[in-house]
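See below for the structure under consideration.
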Amino acid sequence: MKDLRDLVGIKYPIIQGGMANIATHELASAVSNAGGLGIIGAGGWDVEKVRFEIHKTKELTDKPFGVNIMLMSPHAEAISDMVIEEGIKVITTGAGNPGIYMDKWKAAGITVIPVVPSVALAKRLERVGADAVIVEGTEAGGHIGEITTFTLVPQVADAVGIPVIAAGGVADHRGLDAAYALGARGVQIGTCLLASSECPVHLNYKNKVVKAKDTDTVVTGRGTGAPVRVIKNKMSRQYLEMAKNGNVSLEEIEKLTLGSLSKAVFDGDMSMGSIMAGQSAGLVKEIKPVADILSHIFEPSLVAKGVF
Ligand code: TUI
């Protein structure tokens, strides 16, 4: 099975997660310049904002980078055409099935790597031309599936012939090696990059990730069809209380979370903001430059020694 490094032409087998509102040109170019695959996270942005971020990234790096299209966004379809116009070479997708876009992306010569939360979707997307799949376990931050990385990665690796990239819980060289032992040939990281010098989130957000311990994340929205892992705070407690009482509409509950991501990212509101992060937050101990984060994951690993 081909390694991510050969598939997209990068030094380290590491993709950056397409974190909404966070994966800007600053973070994407830093990851690409450091030897990983930087990703612009389209999130809920409109097509012109994403185009602007692409232009900025092109100015800042001559290394490969990609765009993540969040499929629940009302702008996803317009962005799916714009990335072709802009000559984007790699697309990752999240929060849905990108099947309807596959033909045009493949015709444009784009390497397509969807995030999948199940074996069934991985098989379906391999059939319609996916070049690899990012298998994301429930340890990840933000919008998540139900199955753990540890159990899902080997099941998908058995079921498909394309490279499997593991996501959810990877934050150091042990996670990278574990992913390869389970059959992955690359990893996607997000949470540990929140605490990078180049990450554009508010300093309060970075410090919250650094201080988080193993039990500090919680999943809101289980039962509404959009489970989201965040660091526990007043917002998540209120949300879960409302959901438990069952006497409030889903709309009212969603109002608490949707839009509250930007409160955390831009305003540093750690009380009512949605502080999306994965369970690996407990492994993140300090704020470091992206280049140090990537080299500290890769250099001590068995993958670097060519064991896999
Ligand atoms: O997409 C993510 N993580 C995200 S998206 C996001 S923005 C958002 N915020 C609140 C609610 C909803 C979205 C924040 N974090 N990760 C990749 C991912 N994809 N996780 C799960 C999935 C997924 C789920 C279902 C992928 C495909 C899928 O397919 C269902 C189907 O149609 O077959």
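FYI, it's all coordinate maths here, none of it is from the lab. Computed from a prediction, not measured in an experiment: that's the story for all the values here. Here Cβ is always computed from backbone atoms with ideal geometry, including for glycine, and neighbour counts include all displayed protein chains.
General remarks:
- Working from Cα pairs under 8 Å separated by at least six residues, relative contact order for segment 149-218 is 25 percent.
- With eigenvalues of the C-alpha gyration tensor scaled by 5 and rooted, segment 4-84, Å: 21, 13, 11
- GNM top mover of 126, 136, 241 - the chain, alpha-carbon springs below 10 Å: 241
- The Rg/Rh ratio of the chain, with Rg taken over Cα atoms and Rh as the Kirkwood radius over Cα pairs, comes to 0.94.
- Our summary gives segment 172-308 a relative contact order of 38 percent, counting only alpha carbon pairs under 8 angstrom and 6 or more residues apart.
- If both residues of a DSSP beta bridge must be in the chain, then about 20% of such bridges are antiparallel.
- Principal axis dimensions, segment 1-47 - Cα atoms, whole angstrom, descending: 35, 21, 14
- Taken over the C-alpha atoms, segment 154-289 has Rg and Dmax values of 16.6, 47 angstrom.
- Contact order, relative form, for the chain: 17 percent (alpha carbon pairs under 8 Å, 6 or more residues apart, mean separation divided by residue count).
- Positive end of the dipole of the chain (Cβ unit charges, origin at the Cα centre): among 30, 8, 187, the Cα lying farthest that way belongs to 187.
- Scaled radius of gyration (Cα, divided by 2.2 N^0.38 Å) that segment 211-308 gives: 1.38
- Helical content alone sets the calculated 222 nm signal of the chain at -11000 deg cm²/dmol, taking -39,500 (n - 2.57) per DSSP H segment of four or more residues and averaging over every residue.
- Vicinal HN-Hα couplings computed from phi for segment 97-102 (Karplus, 6.51 cos²θ - 1.76 cosθ + 1.60; Hz; Gly/Pro x): 9, x, x, 5, 9, 4
- ³J(HN,Hα), Karplus 6.51/-1.76/1.60, whole Hz, each residue of segment 146-160, x for Gly, Pro: 9, 9, 6, 4, 4, 9, 7, 4, x, 5, 6, 4, 6, 8, 10
- For segment 252-308, dividing the convex hull volume of the Cα atoms by the residue count gives 136 Å³ per residue.
- Close Lys pairs in segment 106-234, defined as Cα atoms under 21 Å apart and 8 or more places apart or on different chains, number 9.
- Sorting the segments 156-163, 63-70, 213-220 by their mean number of nearby beta carbons within 10 angstrom, highest to lowest, gives 63-70, 156-163, 213-220.
- As computed over segment 35-148, the Cα convex hull volume per residue (Å³): 104 Å³
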